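Notes follow once the structure below has been shown.
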Amino acid sequence: MTDAGLYPLPPAIIGPPISGIGCLHPPFREGNTMTYAVPRHRKRIATATTLTAVAAFVTASIALAAPSNADSGATTTLPGTTPGYATASADLGQTGAAAPLSLRVYLAGQDPAGLEAYARAVSDPNSASYKHFLSTTEVRNRFGASQAQIDAVSQWLKAAGLTVTGSNQHWIDITGTVAAAQKAFGTQLHNFATPDGTLRSNSSDVKVPASIAKALLGVSGLAQSTKHAVTNHQKVDTSARGPVQNNDPSCSDYYGQKQVPASAPAVPAGFTTPATLAQCSLVPSEMRDAYGVSKSGLTGKGATIAIVNWYGSSTMEADANKFATNHGDKPFAKGQYSEVSDPSQWTNKDICGFGDFGEEALDVEMAHGFAPDAKVITIAANSCFDSDLIAAETNIVDNHLADVVSNSWGEIMYSTSGDIDPAQMKAYDQVFMQGAVEGIAFDFSSGDCMNNDAFSISQGLNCDPTASRAQVDWPASSAWVTSVGGTALGLDKRGYGFEAPMADTRSGRTAPGAAAWAPGAQTFGGGGGVSETIAQPWYQSWTVPHGMATTLMDGTKVAQPKRTIPDISLNGDLYFSSSLVGQTDPDTGVYSEGGFGGTSVSAPSWAGVLADAQQAQWGIPVGFANPAIYARSWLANDVVQNPRQITGSAIHSVVFQYPAGNQFAGMYRLIQYGVDEGLPASRGYDLATGVGSPNALFLRSFGFGR
């Protein structure tokens, strides 16, 4: 299936690229206005609140259609709309008045407070409205921007000399000159010196007419940024190993199976002894068994999983089918896999890493592996920038394309090149709340850079060097998505053995016969932490310790609890328990398989679990899953720093051996696992793994006693 683009964007309007969280890729940048990256309803109930909201909407629509003279000239300031780099000391002077720019004005809709209230009620197991989902038409009519609102905002923009190039119930796209933008938004645009070069920005917070202020979420594009989103995965630096259960001499089929060859240096005192070779890359059937999916008999039948990324691989379905059959699983049936993609609209390929489709292969194959009978649809955003990613997510909810949406990308919030755009944060949340109202679950990988601080940045594989301080990722820290963290999954002969936090400290490559291990450093770890700005959502108050939620990542104590991530975790470790993925190289056309790690593994795996849970509750979508996750947290596997199965050592470790055929064949790395820098795991909820990982009991609890 192809889609010419329900929300086509001119290239100049694209927001910063976003980074993927489950795979390790070089950080991408967000330039100009860019940020990179890394259908069914239930019975409705009419309430007095609904009638009040309708009356308020009618009143607001009339006011917007014909603003009164009393409002003429009055303005409202949108706080927080000036980026941190726009300081007097960095000011290089006025931007040329005739310079062109492209902007996007995000719309608040008819009843933003009502949307949030209904999203909570329909997701809360304690609410009378629980699972009374609305259809896309009902959502549009009840909460989307009205035509009167769109017309009123459009008229204001046109009056300032800007040109409207497109609009829908969520936003209005415009082009024009700097002079026209200054007139419309009550600010001056200047050039500023930044660590990433000269960037244009508004020099003060945006001002808009008071008569339309309530119709707006904000405007993006006035300030340029190099911030971006990235994917959250990394490929193990080794060649493909083929099937896991293959007696490969360089790895173990389960934890502790094979001891390290004598040609490797002796492990230091305090490390796990006897030393064992790391596990071979895991395949979906092993992870299904470990997390209780196989025993449940659930396959995701009747559910649809959407995978959102940018661009798309032309060999994706064939690769997924070959990978499945190679490892004893079923390929996609006819019509079970589809894509929404328009290559003619793809932009910024040089920035977003066009041609590296490892993330897509990882996401599709993990989702299919955990829910082999669920439909899977890939939604290919036109770039890794926020504007295109928001458009892709919006397409899903406006057309109810899926029941579960998996996202293995994200971006830092506080950067030396500017903080995240608050207008785009509000736009994302609007989409996620609309999804909750429709019964659509969104999940995001929590990141692969531990607590995203300066220590991690200097050494971590998936860290953004522009991060200005310890922080959590976005959109994973939104209160309206499930943030999926990572674990290191240890198998035994029967399946699930134990789990520790996803984290690897690796030595350098060490030659056989060396006297000692090459020096190493913290390499990889699941993202987590406490948000500076996002308030604690109601569902976390049940489980997250108050002291944890009121201690920011720099140690500052605050009065009001904040959002913490992750919510739940699954396997994602890079060296201890990497996941096998199959992919055709777009340059050579050769299919191969190799080990991947990152919370990009965890997120689509969780999406598959939610598809299974939907089947367990007779096809009723799970919807926004967090309230149910925290209500059932006591059923999950509690992942701790020191699993009881590993005793007698202060430092948990394995040895990674490069296999035959690799350029480093025969060499070794000493891997310390389970210590997620800055994010210790403990009993109960913790910032490394959330409530823990799912199991058969946890999964079956979604089926109301099935």
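The values are calculated or read from the model by the stated rules, or taken from the named source; none is laboratory data. A quick note: this is a predicted structure, and the numbers were derived from the prediction, not measured. Cβ sites come from the backbone with ideal geometry, for glycine too, and all protein chains shown count toward neighbours. Note: areas computed on protein heavy atoms with side chains; ligands, DNA, RNA excluded. Shrake-Rupley method; radii C 1.70, N 1.55, O 1.52, S 1.80 Å.
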| said: Looking at the stretch 110-130, can you tell me whether even one residue there is in contact with a Ser or Thr (Cβ under 9 Å, 6 or more places away or on another chain), open to solvent by less than 20 Å² (accessible area, probe 1.4 Å) and in a loop (DSSP other than H, G, I, E, B)? | reply: no
| Only one of THR487, THR550, THR482 that is open to solvent by less than 20 Å² (accessible area, probe 1.4 Å) and under 30 Å from ALA262 (Cα atoms) | THR487
| Residue list for the stretch 381-399, filter: open to solvent by 10 Å² or more (accessible area, probe 1.4 Å) and not in a helix (DSSP H, G or I) | ASN382
| note | Filter the stretch 602-623 for residues that are in a loop (DSSP other than H, G, I, E, B) and of a type in the set (A, V, I, L, M, F, W, C); the one that is nearest to SER579 (Cα to Cα) is VAL622
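Surrounded by 24 or more Cβ atoms within 10 Å (Cβ to Cβ), small (Gly, Ala, Ser) and farther than 26 Å from LEU389 by Cβ: which single residue out of ALA303, ALA290, ALA324 fits that description? Walk me through how you get there before you give the answer.
Working: ALA303 fails: farther than 26 Å from LEU389 by Cβ; ALA324 fails: surrounded by 24 or more Cβ atoms within 10 Å (Cβ to Cβ).
After ruling out the rest, the residue left standing is ALA290.
Can you pull out the residues in the stretch 671-686 that are assigned to a strand (DSSP E or B), hydrophobic (A, V, I, L, M, F, W, C) and open to solvent by 30 Å² or more (accessible area, probe 1.4 Å)?
Filtering the stretch 671-686 down to residues assigned to a strand (DSSP E or B) leaves 671-673, 686.
The next check asks that each one be hydrophobic (A, V, I, L, M, F, W, C); those that pass are 671.
Correct list: empty.
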| field | Lone unmet requirement of (1) at pLDDT 90 or above; (2) in contact with a Gly (Cβ under 7 Å, 6 or more places away or on another chain); (3) part of a loop (DSSP other than H, G, I, E, B) for ASN451 | value | (1)
| field | Single residue of the stretch 178-193 satisfying the filter (open to solvent by 20 Å² or more (accessible area, probe 1.4 Å) and either farther than 17 Å from GLY93 by Cβ or at pLDDT below 95 (or both)) that is nearest to the chain's Cα centre (by Cα) | value | ALA193
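Tally the residues that are open to solvent by 40 Å² or more (accessible area, probe 1.4 Å) and in a loop (DSSP other than H, G, I, E, B), restricting the search to the stretch 624-670. Spell out the reasoning first.
Initially, the stretch 624-670 is screened for residues open to solvent by 40 Å² or more (accessible area, probe 1.4 Å), giving 631, 634, 638, 642, 644-645, 647-648, 650-651, 660-661, 663-665, 667.
Subsequent filtering for residues that are in a loop (DSSP other than H, G, I, E, B) retains 638, 642, 644-645, 647-648, 650, 660-661, 663-665, 667.
Adding up the residues that qualify gives 13.
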| request: Determine whether the stretch 91-102 contains at least one residue that is within 24 Å of LEU217 (Cα to Cα), buried (at least 22 other Cβ atoms within 10 Å of the Cβ) and either over 28 Å from the mean Cα position of the chain (by Cα) or of a type outside the set (Ser, Thr, Tyr) (or both). | output: yes
| query | Which one of the conditions (1) under 12 Å from the mean Cα position of the chain (by Cα); (2) not in a loop (DSSP other than H, G, I, E, B) does GLY435 fail to meet, given that it meets all the rest? | reply | (1)
| note | Going through (1) farther than 24 Å from ARG120 by Cα; (2) crowded, with 24+ Cβ neighbours inside 10 Å one by one, GLY439 fails only at (1)
| said: Need the failing condition index for PHE192 against (1) aromatic (Phe, Trp, Tyr); (2) within 30 Å of TYR85 (Cβ to Cβ); (3) assigned to a helix (DSSP H, G or I), just the number. | reply: (3)
| task | Of all residues in the stretch 69-100, count the ones that are at pLDDT 95 or above, among the aliphatic types (A, V, I, L, M) and under 18 Å from ALA184 (Cβ atoms). | result | 3
| query | Can you tell me how many residues in the stretch 565-600 are open to solvent by less than 10 Å² (accessible area, probe 1.4 Å) and either under 30 Å from THR550 (Cα atoms) or of a type in the set (Gly, Ala, Ser) (or both)? | reply | 19
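Test of understanding: among ASP329, ASP319, ASP363, which residue is in a loop (DSSP other than H, G, I, E, B) and under 23 Å from MET287 (Cα atoms)? Outline the logic, then answer.
Working: ASP319 fails: in a loop (DSSP other than H, G, I, E, B); ASP363 fails: in a loop (DSSP other than H, G, I, E, B).
Only one candidate qualifies: ASP329.
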